[in-house]
């Protein structure tokens, strides 16, 4: 086995791969339609492993090229996949088709720009807006999953229902997703300008 392969087979990348496998279990639970608390718990656990593998990689200098590619892919796969699997039950989950189109369109655009620009040697790493977008996507997906449980959907405090909070989170997530994508496009334009080339 080559040195590159051995470095790639480290703990952070193993955690990332396990998160990818967990996503299929999550999607199965969503499709079954009667294990919403389990599905929510699994999603939150998967998000927590994302924080863990990133911390381990930075703390012990285990950052690899495979991890740089795999980690953001798995993050997008599990969040976008969750929204997609909630789409057939949009009236109950609050996940509108336009939300999914915007989320997936933004992810494909930014990923394409990153691949193109980094191939040219430009720095197109994640920004604060991208991290905020990811946090809100995770929060909105968690709320959407929870709202599928009847007891949670009917819960309210101070006259504000959980469903209303979920809807605010979902639309805020969409707005920040668009804003983040716009900032990345602006950054790409600057990097592609003649002065930057």
Candidate set: region 25-49, residues that are loosely packed, with under 14 Cβ neighbours inside 10 Å and not in a helix (DSSP H, G or I); chosen: the one nearest to the chain's Cα centre (by Cα)
33
I'd like the residue in region 1-24 that is at pLDDT below 55 and in a helix (DSSP H, G or I) and, out of all such residues, is surrounded by the fewest Cβ atoms within 10 Å (Cβ to Cβ).
3
Is at least one residue of region 152-159 within 22 Å of the chain's Cα centre (by Cα) and in a helix (DSSP H, G or I)?
no
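The values are calculated or read from the model by the stated rules, or taken from the named source; none is laboratory data. Note that the structure is a prediction, hence the values are computed from the model and not measured. Here Cβ is always computed from backbone atoms with ideal geometry, including for glycine, and neighbour counts include all displayed protein chains.
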